[in-house]
Amino acid sequence: MTTETKTMRDVFIEEINSRMRKNAGIFFLCADFGSPKLDQLRKEFGSRFINVGIAEQNLINIATGLAIEGFTVYAYAIAPFLTMRAYEQIRINLAMYAQLKEINVNLVGVGAGLSYDVSGPTHHCFEDLSIMRTLPNLVVFSPSDWVLTRRFVDYSIKIKKPKYIRLDGKPLPAIYRNPENLRIENGFSRLRKGKKICLVSTGYMTHKAIKIAEKLAGDGIDAGIIDVFLLTSFDERSLLNAMKGYSHVITLEEGFINKGGLDSFISSILGKGDFGIKLHRVGFKDKYVFDLGSREYLHRLNNIDEDSVARLIKKIPQ
């Protein structure tokens, strides 16, 4: 991991801005949600930038209309409001319609998991992986760093399907050093090989997985790491093969477990054969977080911090 930190949002908007200079068929919409990089895009491409106001449902309606006319559309809002306030519009206008006609709408949700930690449970986003994965014809992208986020831009333009792009809200260090070797279509990347234990993570929790693996290495436990960034439209066979050599898989997600998120995604893959792999799920239990504090503090309260996960793994027979 490098020490350079950037927000996924700024890198993504900057890259879209660059593409809009070359491609007159790209529109960018937002629901009254800004950033300095967005100000720059709006200034340069005012005729292809629309702020719909605090109206996420209408954001989807306008994005759909533009996409039906053949434009590539990016619709940008705070993740929990984008996915849950406008869920019916996403289901009917995008998921259903995409089964009948090719449309390219990219929902850019900022604030995955506990990104907005101190803003409380209304701004936490634990449900999005589950509810967006359940929609047919929708690609769900959950990147772990800004390098991977930038790499996804080509894919978002090329693949003419609705997509949900789940971005963390905080600056994070880069994980990927050679993005040209990444195949977005695979849906995952093996960051580290291990022996019996494999950490399978998505989004921000991949940063935690790296630190946990380093902590375990000091105790003689060699844990592998797989970063899952596509939770639909992925290479299932390759992901299964990457997990086959392990006896225990630990899923790490900043969302509810046993609710259809990453853990259910991995469970469904492992359940297609008798591979002798035991699955352990790490995430938030069946309740909202009303405690106030930093992301790390809330992780400790809910036993998904590095020390708690390391203790869980040390109890597994090696």
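Quick check on region 184-314: take the gyration tensor over C-alpha atoms, sort the square-rooted eigenvalues as a ≥ b ≥ c, and tell me if it's rounded (a/c under 1.5), prolate or oblate. Since a/c reaches 1.5 but b/c is at least a/b, the shape of region 184-314 is classed as oblate.
Karplus-based coupling profile of region 235-244, in residue order and whole Hz: 8, 4, 4, 5, 5, 4, 4, 5, 9, 4, with θ = phi - 60° in 6.51 cos²θ - 1.76 cosθ + 1.60 and x standing for Gly or Pro. The Cα center of region 223-241 and the Cα center of region 267-299 differ in position by 16 Å.
Express as a percent, rounded to the nearest 5, the fraction of DSSP beta bridges in region 184-314 (both residues included) that run antiparallel. Roughly 20 percent of the DSSP beta bridges within region 184-314 come out antiparallel. Taking a point 7 Å out from the Cα of residue 272 in the direction of its Cβ, the residues of region 233-253 whose backbone N falls within less than 16 Å of it are 233-245.
Think of each Lys and Arg Cβ as +1 and each Asp and Glu Cβ as -1; about the Cα centre, that makes the dipole of the chain roughly 660 debye.
Comparing Cα centroids, region 15-74 and region 80-130 end up 16 angstrom apart. Computed about its Cα centre, the charge dipole of region 98-151 is approximately 220 debye, with only Lys, Arg, Asp and Glu carrying charge at their Cβ.
FRET efficiency for the residue 181 to residue 92 pair, using the beta carbon distance and R₀ = 41 Å, is estimated at 0.60. For region 97-170, trypsin sites (Lys or Arg not before Pro) are listed when DSSP marks them as loop and at most 13 other Cβ atoms sit within 10 Å of their Cβ; the list is 101.
For the chain, the mean residue ellipticity at 222 nm estimated from helices alone is -9500 deg cm²/dmol, where every DSSP H run of n ≥ 4 contributes -39500 (n - 2.57) and the total is divided by all residues, rounded to the nearest 500.
Residues whose amide H falls under 5 Å from that of residue 107, counting only those 5 or more places apart or on a different chain, are 75, 163, 164, 165, with hydrogens built in the peptide plane. Neighbours of residue 7, meaning other residues whose beta-carbon lies under 11 angstrom from its beta-carbon, give a summed charge of 0 when Lys and Arg score +1 and Asp and Glu score -1. Electrostatic tally near residue 293: other residues with Cβ closer than 14 Å to its Cβ, Lys and Arg +1, Asp and Glu -1, net -2. Net charge dipole, region 184-314: roughly 360 debye, given to the nearest 20, about the Cα centre with Cβ charges of +1 for Lys and Arg and -1 for Asp and Glu. Model label sites at residue 290 and residue 247, defined 7 Å from Cα along the beta-carbon direction, differ in position by 4.3 nm.
What the phi angles of region 135-140 give under the Karplus curve with 6.51, -1.76 and 1.60, with θ = phi - 60°, is a coupling list of 7, x, 6, 10, 8, 10 Hz, glycine and proline written as x.
As a rough guide to protection, the peptides 201-212, 5-16, 216-227 ranked by mean Cβ packing within 10 Å, highest first, stand as 201-212, 5-16, 216-227.
How many percent of all Cα-Cα pairs in the chain sit more than 31 Å apart? Looking at the chain, the distances longer than 31 Å represent 28 percent of pairs.
Any read-out appearing in this document is the output of simple, stated calculations on the displayed coordinates, not a laboratory observation. In this text the structure is predicted, and so the values were computed from the model without any measurement. Ideal geometry is used to build each Cβ from the backbone, glycine not excepted, and the neighbour counts take in all protein chains shown.
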